[in-house]
1. For the range 155-167, state whether one or more residues are surrounded by fewer than 19 Cβ atoms within 10 Å (Cβ to Cβ), in a helix (DSSP H, G or I) and not β-branched (Val, Ile, Thr).
2. Evaluate the range 54-62: report whether one residue or more is within 16 Å of ligand 1 (Cβ to nearest atom) and touching a residue at least 60 places away in the same chain (Cβ under 8 Å).
3. Does residue 200 satisfy the condition of being part of a strand (DSSP E or B) and among the hydroxyl-bearing types (Ser, Thr, Tyr)?
4. With the requirement that a residue be of a type in the set (Val, Ile, Thr) and either closer than 30 Å to residue 224 by Cβ or buried (at least 19 other Cβ atoms within 10 Å of the Cβ) (or both), what does the range 54-69 give you?
5. Output yes when any residue across the range 259-278 is within 28 Å of residue 235 (Cα to Cα), in contact with a helix residue (DSSP H, G or I) (Cβ under 7 Å, 6 or more places away or on another chain) and surrounded by 14 or more Cβ atoms within 10 Å (Cβ to Cβ), and no when none is.
6. Being more than 16 Å from ligand 2 (Cβ to nearest atom) and basic (Lys, Arg) narrows it down to one of 154, 142, so name that one.
7. Got a sec? Which of 51, 66, 24 is over 29 Å from the mean Cα position of the chain (by Cα) and not basic (Lys, Arg)?
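The values are calculated or read from the model by the stated rules, or taken from the named source; none is laboratory data. Small disclaimer: the values here were computed from a predicted structure and weren't measured. Glycine gets a Cβ as well: all are built from the backbone with ideal geometry, and neighbour counts include every protein chain shown.
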Amino acid sequence: MEQTTLAIVVPCFNEEEVLPQTNGQLRALLDAMMRDRLIGEESYILYVDDGSRDRTWSLIAGYGEGDVHVRGLKLSGNVGHQNALMAGLETARADADVTLSIDADLQDDTNAIPEMMKKYDDGCDIVYGVRRKRTTDSLFKRTTAQMFYKFMTRMGVKSVYNHADFRLMSKRAVDALCQFEERNLFLRGIVPLLGYKSDSVYYDRLERRAGVSKYPVSKMLSFAVDGITSFSVKPLRLIFALGSVFLLISLAILIYVIVALCRGNGVQGWASLMLSIWFVGGCVLICLSVIAAYIGRIYTESKHRPRYNIEKYLK
Ligand code: UDP
Ligand code: MG
């Protein structure tokens, strides 16, 4: 039987602190899997340097030197986790039968990878790595992430609960993914849309081995907005519902004002009037911002700019 070529794709942004551990662990795993004949001898790890400003690239280049199982892809600048991952997948699909994406910080349990490969051998095109619990994440990260998943489901986005970007994909699944042209990438929302047979493997989320999170709150927020606006038009409908409710409220206020006028104590309405002006004004602004978010997406999509530029490919 022809052996499967696996490419482990690892996006890295300023990861000099954790990379030595990551490479040691992934490299050992690759050897073990090749020895067990779970994967073919052509398999490799592909590090994608997402425009790091530290020693990340020189480390990657060092690991790749004289090792056919380690490759590096250097992007010309920082394009963000999702785009960097996409760059890796698009590059790897040229010669890999299966790709596996994993973060550089080893928070995802690499021991789940052989199990994911087995699911692939059993005929799955996509295997999701799903976190059992998130006790190792900070309380803030945990609650915001959980709120985000719930909100996404409410907004009608199909995604796998507690799955991030630890995922195995067959070549044809990656080929299908590459046909999605959108620039505001939210991979974990797109992949379920591909429709191929999928399964999940469960693991415990570990602590970041070294270095700090490359996802500050601002990046988390814009990622969340990307996720919702790329997949759902529900917020647009919500605006309409919200507007209707406010119309009813103002109608009630109108009746109240008329009644008060008839009773001869009209000035009292001043407070409620001021209140509603501000209230409605605030709501209008919120609604505008939602519309602006969508227009912003349309704007970036319509430009069809490249997602990333490759500076170097070390094979
Ligand atoms: N990452 C990237 N580009 C960025 C930000 C992050 O390639 O602009 C990578 C990072 O190196 C890591 C992965 O994305 O491999 C996930 O980032 P991190 O672990 O910091 O996120 P968290 O686990 O805190 O959500
Ligand atoms: Mg992490």
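1. no
2. The answer is yes; a qualifying residue exists.
3. Working: part of a strand (DSSP E or B): yes; among the hydroxyl-bearing types (Ser, Thr, Tyr): yes.
In short, yes.
4. Step one: filter the range 54-69 for residues of a type in the set (Val, Ile, Thr), giving 56, 60, 68.
Passing the criteria: 56, 60.
5. Looking through the range 259-278, at least one residue is within 28 Å of residue 235 (Cα to Cα), in contact with a helix residue (DSSP H, G or I) (Cβ under 7 Å, 6 or more places away or on another chain) and surrounded by 14 or more Cβ atoms within 10 Å (Cβ to Cβ).
6. Working: 142 fails: more than 16 Å from ligand 2 (Cβ to nearest atom).
Checking each option against the conditions leaves just 154.
7. On the way: 51 fails: over 29 Å from the mean Cα position of the chain (by Cα); 24 fails: over 29 Å from the mean Cα position of the chain (by Cα).
Matching residue, one of 51, 66, 24: 66.
Yes or no, residue by residue, for (1) charged (D, E, K, R); (2) within 15 Å of ligand 2 (Cβ to nearest atom); (3) buried (at least 16 other Cβ atoms within 10 Å of the Cβ); (4) in a helix (DSSP H, G or I):
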| position | (1), (2), (3), (4) |
| --- | --- |
| 22 | no, yes, yes, yes |
| 38 | no, no, yes, no |
| 42 | yes, no, yes, no |
| 84 | no, yes, yes, yes |
